Structures are given as structure tokens and as C-alpha cells.
Amino acid sequence: MRVLVTGAGGFVGGHLMTALRARGHDVIPADRVPHAGDHQTLPLDVTDALSVRGAVELARPDAVAHLAAQAFVPASLADPDGTFDVNAHGTLRLLDAVRALARDGAPPPRVLVVSSGDVYGAQPRGAYPLRETTAPLPRSPYAASKVAAEALALAYARAWGVDAVVTRAFNHIGPGQDERFGVVAFALQIARVAAGGAPRVLVGNLDASRDFLDVRDVCNAYALVLEGGGAAGEIYNVCSGTATTMREILRRLIELSHVPVEVRDDPARMRPADVPVSVGDAAKLHAATGWTPGISLTAALRAVYDDARARIASSVRRSEDDKVTP
């Protein structure tokens, strides 16, 4: 199967391509700014309809994993319009390009539109664990843009028969994630302490509870959907069903590091639109594909911390090299 992966250069993109290739699929990466010398990645800017149409026509995929997005909530608060253009209008442009393929006589590809558990927002206590029938209550422009992208995918499935499926992935972690995200930020700060840095970690809201998955489990779920699991025009949660506080995540990372640290509140890391609790129910996805998460939270955190240590070590080596460069 030929799979076009938008946003291939992002955190999830790399892991998904690895998972798809391991399953024997031909992966076609597409990204806004391919790296210099990268002749395999198609240029694709989701804010440009011609760019999207061109990438889809060149790839002629059997399936599309639509990962390209602005995924950082604080950035959406700073730039709601830009976030909406990338996440909602970008999805619209992709769906239009896929529909154009069908009009040209090409077999219609399956389209995985990746949304987020963040669309649910803060729900009444009795709503947890969250199911796909729970009405979204977005609390940020990011979440609102994802609700719009979902609605477009479902509308295209119903109006024109586009084989579009939506997944709502809850928090996922793993090597390579941007340090703006909480778990990675913790791990990098602790790794700096272990490397001899100041013994303190700056934190935001530690009482927030999240449903965490290893990114490799998330990508396995995406692969199953791309291979035909699940029905067009449906939404599927991708989650563990267990909520863990950020305080517990921090405690486990400190335990993994074996270094003493001082924890300090940082007002700059507090989010005004933070959701207190987020935990989902993946029974619908399991029934459709057989998917269940297979990697423990402990193993996921170990992978994140090991990656953080490697990043800090690499940074130290670069600094030392800069000092000796004439």
C-alpha cells in the first residue's frame, strides 16, 4: 500500500513512517520544508491549495495519513487565525485534493484525519471516560480548529463518499517530541540536572490529569485504520483509559534519573485554557480494529528520558566542539 504522510517531518510523522514501513507499506513523506538534500519528501504546504493538490496528484496514494498541523495549544492562543488555517482549512484543502483524484478516475484513497482528545475540553464528572458520542467542548483555538477539521472529514464522507476516518488521539509521548510539551520539558530539565546542571525543575500545573500513550502505540492504531480498520465517516478515540497526573509523571521521571531536584512553580508555564482531566475510552477502536496499547507508561517514560539524556549529551558535545573550533 502507498501511504502519503503529511507533516512527515514532525514528531509523530517519523514514528508513523517507521511503523508503516515495518508493516511492508511504501511510504511517501510530505512536509512543508523538506531538509536540504532530501529528495524523497514531497513539498506540501497545507495553507496552499495548489501545493496540496500537487502532492496528492504526484503521490497517487492508496491511503493518506494527515498529520500536518499546528499542535501547540499556547501557539493557538497567540495565533488563532494561523492555527485555524493550518488545521481546519488545511484539512479542507486535502479533502478537496483527494476528491479531485476520484473525479479523475483514480481509486479513492482512505484518509486518516488525525484529531485530538483535546476537543472534548472539560466535561462533567459523569462523562469520564470520554466516548466518541460525548459532545466536544473546545477550550482553545487549537481544539476548536480540530473540531472543524473533524466536521469537514465527516461531511466529505457523507456528501461525496470520501473514505475519511477521524481519530482522536489523547496525549502521546516518545523520543523526538518538541520540548515545548510538558513531559519532554520535564525530562530535559531533569537530564540537565543529571549532567551537572542546576538542581531545579520549573513546572506548570501539576494537578492536571492526562491519558498518556507511547507514540508507538498511537502509530500502530493509525496503521490499522489506514489499512482499512474502522468505517468511513466515523470517529475513534486512541487512548489508554487511565489518567495520570503531571505530578506523578514528574515523580516517575525523577525516580528514573536517580538525581535530587528542586521543583519550582513557573507562572509562564501555566495555561489559561488548561483542562483539569482528560481520559478516554477506546472500546470503539478496539471493536473495529482489535487495537490495544501494548507499551506501559513506565516504558514510555524511560524512552522519553533516555532521549532527553541523549539530547543533552549531544548539546554538550556541540558546545565543546565550538570552544575548540579556531
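The values are calculated or read from the model by the stated rules, or taken from the named source; none is laboratory data. Please read all numbers here as calculations on a predicted model, not as lab measurements. In this analysis, Cβ positions are derived from the backbone assuming ideal geometry, glycine residues included, and neighbour counts consider all displayed protein chains.
Scanning the stretch 36-48 turns up no residue that is modelled with pLDDT of 95 or more, surrounded by 20 or more Cβ atoms within 10 Å (Cβ to Cβ) and in a helix (DSSP H, G or I).
Filtered by the rule that a residue be within 22 Å of residue 287 (Cα to Cα), in contact with an Asp or Glu (Cβ under 9 Å, 6 or more places away or on another chain) and assigned to a helix (DSSP H, G or I), the stretch 119-161 gives 154, 157.
Output yes when any residue across the stretch 147-164 is under 23 Å from residue 243 (Cβ atoms), out of contact with any Gly (no Cβ under 7 Å at 6 or more places or on another chain), in contact (Cβ under 8 Å) with a residue 40 or more places away in the chain and surrounded by 18 or more Cβ atoms within 10 Å (Cβ to Cβ), and no when none is.
Looking for residues that are under 23 Å from residue 243 (Cβ atoms), out of contact with any Gly (no Cβ under 7 Å at 6 or more places or on another chain), in contact (Cβ under 8 Å) with a residue 40 or more places away in the chain and surrounded by 18 or more Cβ atoms within 10 Å (Cβ to Cβ), one finds at least one in the stretch 147-164, hence yes.
To keep it simple, each residue is scored yes or no on (1) without any contact (Cβ under 8 Å) to a residue 12 or more places away in the chain; (2) of a type in the set (Phe, Trp, Tyr); (3) surrounded by fewer than 20 Cβ atoms within 10 Å (Cβ to Cβ); (4) in contact with a strand residue (DSSP E or B) (Cβ under 7 Å, 6 or more places away or on another chain).
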{"site": "53", "(1), (2), (3), (4)": "no, no, yes, no"}
{"site": "57", "(1), (2), (3), (4)": "no, no, yes, no"}
{"site": "61", "(1), (2), (3), (4)": "no, no, no, yes"}
{"site": "77", "(1), (2), (3), (4)": "no, no, yes, no"}
{"site": "85", "(1), (2), (3), (4)": "no, no, yes, no"}
{"site": "89", "(1), (2), (3), (4)": "no, no, yes, no"}
{"site": "96", "(1), (2), (3), (4)": "no, no, yes, no"}
{"site": "103", "(1), (2), (3), (4)": "yes, no, yes, no"}
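Of the residues making up the stretch 206-250, just one is closer than 19 Å to residue 146 by Cα, over 19 Å from the mean Cα position of the chain (by Cα) and either part of a strand (DSSP E or B) or among the hydrophobic types (A, V, I, L, M, F, W, C) (or both), namely 232.
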